[in-house]
Amino acid sequence: MIATRSPVQARRVLLLVDVFSDFRFEDGPALADALVRVAPAMASLITTCRKRGEPVVYCNDNFQRWRDSWRGVLAYTGREGLPASLHLLEVLYPANDDVVLLKSRHSAFYHTQLVPLLEHLGAKELCIAGAATDACVMCTAIDAHVRGYRVTIARDAVASATKERQARALLQMADSLGLRLERADTWLSAETA
């Protein structure tokens, strides 16, 4: 018989979506600027969750770098990206106890190990932060919602290339899906699910 660790039940998990990028695409510089502006709120979420022992999970685009590990992908973003890429790596780099999953499409759930990871952790509630609010964050939030997770979007820790796209995406997630939109510090101060 193989011994397995029992998952801790009713865990809250911080899910960071695409916080590292080369930003070398249309609207990339605008998204980089927006992500740098919300980086302090993300850093606060990360620091507090780590102190509490709440899992921090990064789900990042692999930039079609199929042979790279996550460290290789992050090194690529710092080497080939805009100056914002290096800043985000310095401020938000994963710790040894964090989990990093690479993804190739918009949703962090699509063909990744996120579902079995969340099951192992006994996750019930996800707080999602990252970029872009109107693309990968929204797709990930929808997939989390349909899987029955309690989903909170840290509205001051997500970014889009424009204020209009940001507002439209947040409104859509709140009105159509009933997802919670909270400031990072509000989610951190809330009781666990």
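The values are calculated or read from the model by the stated rules, or taken from the named source; none is laboratory data. These numbers come from a predicted model, not from an experiment. In this analysis, Cβ positions are derived from the backbone assuming ideal geometry, glycine residues included, and neighbour counts consider all displayed protein chains.
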Any hit, region 102-110, residues being within 27 Å of Lys163 (Cβ to Cβ), of a type in the set (A, V, I, L, M, F, W, C) and touching a Ser or Thr at 6+ places or on another chain (Cβ under 6 Å): yes
Qualifying residue in region 51-70 (condition: over 19 Å from Ala123 (Cβ atoms), surrounded by fewer than 14 Cβ atoms within 10 Å (Cβ to Cβ), within 17 Å of the chain's Cα centre (by Cα) and touching a residue at least 24 places away in the same chain (Cβ under 8 Å)): no
Qualifying residue in region 7-17 (condition: surrounded by 16 or more Cβ atoms within 10 Å (Cβ to Cβ), at pLDDT below 95, in contact with a strand residue (DSSP E or B) (Cβ under 9 Å, 6 or more places away or on another chain) and of a type in the set (Lys, Arg)): yes
Checklist (1) more than 20 Å from Ala157 (Cα to Cα); (2) modelled with pLDDT of 95 or more; (3) exposed (fewer than 13 other Cβ atoms within 10 Å of the Cβ) applied to Arg37, failing item: (1)
Residue check, Leu102 in contact with an Asp or Glu (Cβ under 8 Å, 6 or more places away or on another chain), more than 16 Å from Val137 (Cβ to Cβ) and modelled with pLDDT of 95 or more: yes
Evaluation of Leu31 against (1) surrounded by fewer than 21 Cβ atoms within 10 Å (Cβ to Cβ); (2) in contact (Cβ under 8 Å) with a residue 12 or more places away in the chain; (3) part of a helix (DSSP H, G or I) (one fails), failing number: (1)
Residues of region 91-110 that turn out to be among the aromatic types (Phe, Trp, Tyr), touching a residue at least 24 places away in the same chain (Cβ under 8 Å) and more than 12 Å from Asp61 (Cβ to Cβ), as a count: 1
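Quick check: is even one residue across region 115-123 crowded, with 18+ Cβ neighbours inside 10 Å and touching a helix residue (DSSP H, G or I) at 6+ places or on another chain (Cβ under 6 Å)? Break it down stepwise before answering.
Residues of region 115-123 crowded, with 18+ Cβ neighbours inside 10 Å: 118, 121, 123.
Then drop every residue that is not touching a helix residue (DSSP H, G or I) at 6+ places or on another chain (Cβ under 6 Å), which leaves none.
The answer is no, given that none of the residues of region 115-123 is crowded, with 18+ Cβ neighbours inside 10 Å and touching a helix residue (DSSP H, G or I) at 6+ places or on another chain (Cβ under 6 Å).
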Subset of region 147-193 (residues that are surrounded by fewer than 15 Cβ atoms within 10 Å (Cβ to Cβ), among the hydrophobic types (A, V, I, L, M, F, W, C) and touching a residue at least 60 places away in the same chain (Cβ under 8 Å)): Ala193
Matching residues, region 34-74, being polar (S, T, N, Q) and not in a helix (DSSP H, G or I): Asn60, Asn62, Gln64, Ser69
Filtered residues of region 103-137 (kept if within 24 Å of Leu89 (Cβ to Cβ), touching a strand residue (DSSP E or B) at 6+ places or on another chain (Cβ under 8 Å) and not in a loop (DSSP other than H, G, I, E, B)): Lys103, Leu114, Leu117, Leu126, Cys127, Ile128, Ala129, Gly130, Ala131, Thr133, Cys136, Val137
